[in-house]
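I am attaching a structure below and will ask some questions about it afterwards.
Derivation of every value follows stated rules applied to the coordinates shown; laboratory data play no part. Please read these numbers as outputs of a predicted model, since none were measured by experiment. Because the Cβ atoms are built from the backbone with ideal geometry, glycine has one as well, and the counts that use them run over all protein chains shown.
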Amino acid sequence: MDDVRKLRTDDIDRVVARVATQLATDASLKRLVNPKFSQDHFHTALASATSSTWVHYREGQLVGHLYGALLDNPTYGTSVWIGPDGVSFDDGDALAALYAVAGEEWIAKGATEHFVWTLDDPTTTSAWLDLGFAKMHTRGAMQLHDGHHALVDGYTLRLGTIDDLELAIKLDDELDRAQSQGPSFSRGLSKSSQRDDWIETLSDPDTRHFIVEAEGVAIGQCVTFPLPDQRGSFDGTIHLSAVVVLDRHRNKGVARAMVDAALNDARERGFVYAQTNWRITNRQAAQYWTGYGFITTYVRLHRTIGIY
């Protein structure tokens with residue numbers, strides 16, 4: 001007999017064991033997934049999240065769990081986010097039963113945008129795809145090494161400051177424009193927090209803002225910052241984001257030289273790994289990052305309730 005209910009304290013040890021086993025399996029499938037995590041810390045976190053975690057028992061055996069963080073995201077509105085340690089399931093039926101119950105509560109609270117970070121492997125993604133989710137973003141990781149590409153004549157690289165806020169926003173708009181084109185068609189997302197996000201980014205002393213200029217005009221940028229604690233990622237990981245080069249300056253090695261410089265800087269500061277994300281539908285980005293050396297680890301899945 002199936003039983004889907006909220007987590008109780010006597011379930012926690014079983015859920016912790018399931019997540020430990022799952023991370024070990026993930027790491028066996030993707031070598032840049034970190035299987036290590038503090039079981040004591042996770043146990044404590046679950047104990048404080050019993051009201052937002054569900055478990056599924058079948059004939060007395062635990063066959064899955066599901067936790068979703070309900071967030072008010074400035075870009076996606078009220079939404080639910082499920083991380084790699086937020087779900088486990090023995091089969092697609094176990095996941096479907098969990099999602100049917102949890103999803104009903106999320107929707108009642110106004111969350112119609114549902115996001116899942118899960119291993120980029122059919123063993124985990126197929127069950128979600130059967131529930132109406134679609135692949136949205138890929139996470140890639142790599143071990144840092146010395147990059148040797150330099151900018152060609154006519155281009156220079158410098159570090160940005162808070163005084164570069166306006167050009168950072170301008171180049172970010174160029175990135176959004178490129179993402180709005182097919183086949184990505186990323187359109188209609190709120191940009192209400194863009195300026196505040198960039199102010200926070202450029203004010204962070206741990207962030208590096210790399211700017212490429214041609215004849216004194218900014219034509220490209222990227223940002224690096226230490227990756228916060230994140231399940232499945234290694235300590236000593238730098239995150240690379242906001243990578244953009246204006247159209248007319250592409251195919252000249254500008255992006256490769258800029259990214260090399262950014263990751264060399266990270267390696268010199270003691271970082272060991274790098275991580276970045278790209279849209280599934282951005283075929284050029286996928287080819288670029290995998291060609292650079294990034295290996296896929298996790299994938300973000302998305303479903304909008306009411307869209308079939």
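When you count, for each residue, the other Cβ atoms within 10 Å and take the mean per peptide, how do 91-97, 78-84 rank with the highest first?
Packing order, densest peptide first, comes out as 78-84, 91-97.
From Cα pairs below 8 angstrom and at least 6 apart in sequence, can you work out the relative contact order of the chain, rounded to a whole percent?
Value for the chain: 23 percent.
Here's another thing I want to ask about it. Convert each backbone phi in region 218-234 into a coupling constant with the Karplus relation 6.51 cos²θ - 1.76 cosθ + 1.60 (shift: θ = phi - 60°), then list the ³J(HN,Hα) values in order as whole Hz, x for Gly and Pro.
In residue order, the calculated couplings are 5, 10, x, 7, 7, 10, 10, 7, x, 6, x, 3, 8, 4, x, 9, 7 Hz.
Give the angle, between 0 and 90 degrees and rounded to the nearest 10, that separates the Cα long axis of helix 92-108 from the longest principal axis of the Cα atoms of the chain.
With both axes taken from Cα atoms, the answer is about 80 degrees.
Still on this structure, please answer the following. Run the dipole for region 46-112 about the Cα centre, Lys and Arg Cβ at +1, Asp and Glu Cβ at -1, nothing else charged, and hand back the magnitude in debye, nearest 20.
So the dipole magnitude of region 46-112 works out to roughly 180 debye.
Something else now. Neighbour counts of other C-beta atoms within 10 Å: give me Lys252, Lys109 arranged from fewest to most.
Fewest to most other Cβ atoms nearby, the residues stand as Lys109, Lys252.
Could you order the peptides 43-49, 30-36 from most to least packed, using the average number of other C-beta atoms within 10 Å per residue?
Ranking the peptides 43-49, 30-36 by packing returns 30-36, 43-49.
May I ask for the angle, rounded to the nearest 10°, between helix 12-29 and the longest principal axis of the chain, with both axes built from Cα atoms and the value confined to 0 to 90°?
Relative to the chain, helix 12-29 is tipped by roughly 40 degrees.
Sort Arg18, Arg139 so that the residue with the fewest other Cβ atoms within 10 Å of its own Cβ comes first and the one with the most comes last.
Listing Arg18, Arg139 from fewest to most nearby Cβ atoms yields Arg18, Arg139.
With the Cα gyration tensor of region 145-271 giving a ≥ b ≥ c as the square roots of its eigenvalues, does the rule (a/c under 1.5 for rounded; else a/b larger than b/c for prolate; else oblate) give rounded, prolate or oblate?
Rounded shape, in that the Cα axes give a/c under 1.5.
Which length gain, in nm to one decimal place, applies between Leu70 and Ile295 when the Cα-Cα distance is subtracted from 0.36 nm times their residue separation?
Taking Leu70 through Ile295 to full extension adds about 78.0 nm, to one decimal.
Now a separate question. Would region 2-139 count as rounded, prolate or oblate if I go by the C-alpha gyration tensor, calling it rounded below 1.5 in a/c and otherwise prolate when a/b exceeds b/c, oblate otherwise?
Rounded.
Hey, another quick one. Rounded to the nearest 0.05, what FRET efficiency do Ile107 and Lys191 have when you use their Cβ-Cβ distance and R0 = 22 Å?
The formula returns an efficiency of 0.25 here.
With 10 angstrom as the radius, rank Met136, Met258 by how many other C-beta atoms surround their C-beta, starting from the fewest.
Listing Met136, Met258 from fewest to most nearby Cβ atoms yields Met136, Met258.
Then there's this: Nearest 5 percent is fine: what portion of the DSSP beta bridges confined to the chain is antiparallel?
The antiparallel proportion sits near 90 percent.
A follow-up question, please. Would you mind checking which residues have amide H under 5 Å from Gly160's amide H? H placed 1.01 Å from N; only 5 or more apart, or other chain.
His209, Phe210, Ile211
Efficiency by 1/(1 + (r/R0)^6): what FRET value for Ser51 and Asp247, r their Cβ-Cβ distance, R0 = 35 Å, to the nearest 0.05?
Efficiency computed from Cβ-Cβ geometry: 0.10.
Under the 0.36 nm per residue contour assumption, what length would be gained going from the current alpha-carbon distance of Ile199 and Thr9 to full extension?
64.2 nm
Rounded, prolate or oblate: which one fits the chain, using the alpha carbon gyration tensor with axes a ≥ b ≥ c (rounded when a/c is under 1.5, else prolate when a/b beats b/c, else oblate)?
Verdict is prolate for the chain.
Okay, next question. Calculate the length of the line joining the C-alpha centroid of region 191-241 to that of region 243-306, in whole Å.
12 Å
Here's another thing I want to ask about it. Would you mind computing, in nm to one decimal, how far apart the modelled labels at Ala24 and Ile305 are, each placed 7 Å from Cα along Cα→Cβ?
3.7 nm
Related question: If the chain between Arg177 and Gln284 were fully stretched, how many nm would it gain, using 0.36 nm times the residue separation less the Cα-Cα distance?
Length gained between Arg177 and Gln284: 37.0 nm.
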